[in-house]
Amino acid sequence: MRFVTVIFVFGLAVVGALIGTRLAEVPKLSRKVLAVSGALLIAISLFWVLPEVAAHYGWLVALLWVAAGFAFLWIVDRFVYPICPACSHTHDHEGCATPLHGFAPPLLIAIGLHSFLDGWALAASQEGSEFVRLVFLLGIALHKLPEGLALGAIVRSSMASHWKSLLACIAAEAMTIMGGVAAFGVAASIGASWVGILLAAAAGTFVY
């Protein structure tokens, strides 16, 4: 039953992607909604998750692991692969058959990594208190639908085929399930004492 939450948020993202690939006017709206949902994740991480972890491990440990999660994504974004491809994409679209030709691959890779971390965090939260489980489910669920809307709209504008764009979005969002599977396996082997540490690090990735 613990894995149901991971499947649920994956389903929300797929529904969002399906709507996004169908509606041409979604990009402007979805960008605004996605910004709000991102702010919600930051608020949940700093005002709910961080105090909860601090109550068990102390503020110093909690802050250090939140910073570690943030630093991990910063290093990946800076030296490995851009987490925000919109910030680094320089393709010249003049004369392209599709409005955002060449944009899909970097976006899908970034969303795949992001979704893996979502699944990891959600699965790891299942080992925490009922409050922690609710907080992570609420935050990720409210974030996944607008994320799917934005992803579907942008990828559809990047690819000529509707069905190919939808399948590409589903494949990227399916990394949520992969992250959940990985987290459940790790949580079973490291013990409950480390679960809070992993959640603090996950909160850091949400802030980033």
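Only residues that are farther than 15 Å from I7 by Cβ and surrounded by fewer than 23 Cβ atoms within 10 Å (Cβ to Cβ) were counted across the range 134-144, and they come to 4. Only residues that are touching a residue at least 24 places away in the same chain (Cβ under 8 Å) and either in contact with a Pro (Cβ under 9 Å, 6 or more places away or on another chain) or open to solvent by 10 Å² or more (accessible area, probe 1.4 Å) (or both): list them for the range 118-132, please. If the condition is that a residue be touching a residue at least 24 places away in the same chain (Cβ under 8 Å) and either in contact with a Pro (Cβ under 9 Å, 6 or more places away or on another chain) or open to solvent by 10 Å² or more (accessible area, probe 1.4 Å) (or both), then W120, Q126, E127, G128, S129, F131, V132 are the ones that fit.
Taking into account only those residues within the range 52-65 that are part of a helix (DSSP H, G or I) and farther than 19 Å from F136 by Cα, which is least open to solvent (accessible area, probe 1.4 Å)? Checked the range 52-65; the qualifying residue least open to solvent (accessible area, probe 1.4 Å) is V61. Residue pairs whose Cβ atoms lie under 9 Å apart, sitting 6 or more positions apart in sequence or on different chains, and linking a residue in the range 140-151 that is assigned to a helix (DSSP H, G or I) and among the β-branched types (V, I, T) to a partner that is open to solvent by 10 Å² or more (accessible area, probe 1.4 Å) and modelled with pLDDT of 80 or more, are I140/T5; I140/L12. Scanning the range 13-26 for residues that are touching a helix residue (DSSP H, G or I) at 6+ places or on another chain (Cβ under 6 Å) and either closer than 17 Å to M175 by Cβ or modelled with pLDDT under 75 (or both) yields A13, V14, G16, A17, V26. Considering L29, L113, L63, the condition of being among the hydrophobic types (A, V, I, L, M, F, W, C) and at pLDDT below 65 is satisfied by L29 alone. Consider the range 181-198 and keep the residues that are open to solvent by less than 50 Å² (accessible area, probe 1.4 Å) and at pLDDT 75 or above. The one that is farthest from the chain's Cα centre (by Cα) is G185. Residue check: is F10 surrounded by fewer than 18 Cβ atoms within 10 Å (Cβ to Cβ) and either at pLDDT 75 or above or closer than 26 Å to F184 by Cα (or both)? For F10, the condition - surrounded by fewer than 18 Cβ atoms within 10 Å (Cβ to Cβ) and either at pLDDT 75 or above or closer than 26 Å to F184 by Cα (or both) - is not met. What do you reckon, is A68 surrounded by 14 or more Cβ atoms within 10 Å (Cβ to Cβ), aliphatic (A, V, I, L, M) and at pLDDT 80 or above? For A68, the condition - surrounded by 14 or more Cβ atoms within 10 Å (Cβ to Cβ), aliphatic (A, V, I, L, M) and at pLDDT 80 or above - is met. Taking (1) surrounded by 24 or more Cβ atoms within 10 Å (Cβ to Cβ); (2) modelled with pLDDT under 80; (3) under 12 Å from the mean Cα position of the chain (by Cα) in turn, Y208 satisfies each apart from (1). If only residues of the range 41-54 that are over 17 Å from the mean Cα position of the chain (by Cα) and modelled with pLDDT under 80 are counted, the one that is farthest from L199 (Cα to Cα) is W48. Only residues that are out of contact with any Gly (no Cβ under 7 Å at 6 or more places or on another chain), surrounded by fewer than 20 Cβ atoms within 10 Å (Cβ to Cβ) and assigned to a helix (DSSP H, G or I) were counted in the range 158-180, giving 6.
The values are calculated or read from the model by the stated rules, or taken from the named source; none is laboratory data. It should be emphasised that the depicted structure is a prediction, and the values quoted were computed from it without experimental measurement. All Cβ positions, even for glycine, are placed from backbone atoms using ideal geometry, and neighbour counts span all protein chains on display. Surface areas here come from the heavy atoms of the whole protein model, side chains and all, with no ligands, DNA or RNA. Shrake-Rupley method; radii C 1.70, N 1.55, O 1.52, S 1.80 Å.
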